[in-house]
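Below is one structure, written out as structure tokens, with a few remarks after it.
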Amino acid sequence: MGQNLIFYTVAGTVIGAAMGWGGFGFGAVLYGSFILPPIMLIGWKVAKIKGIL
């Protein structure tokens, strides 16, 4: 559980900073930083289960 929290925090910050630097609006940055980390984590876990990684 603790690893997921660290992942969400780091990934959300990096994604938010990249989107802000890229010129996205405040709402889009918040949406991206909240939605993309869980999608990335789910994709990572599915790839590990499928044997891709």
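Readers should treat all values here as calculations from the given coordinates under stated rules, not as data from a laboratory. Bear in mind that the values here come from a model prediction, so they are computed numbers and not experimental data.
Relative contact order of the chain: what whole-number percent is it, with Cα pairs under 8 angstrom and at least 6 residues apart? Averaging sequence separation for qualifying contacts and normalising by length gives 34 percent for the chain. Matching the structure-derived Rg and Dmax of the Cα atoms in Å against the labelled list [x] 13.2, 39; [y] 14.6, 46; [z] 12.6, 38 gives the label [z]. Taking the C-alpha atoms only, the angle from helix 2-21 to the longest principal axis of the chain is near 40 degrees.
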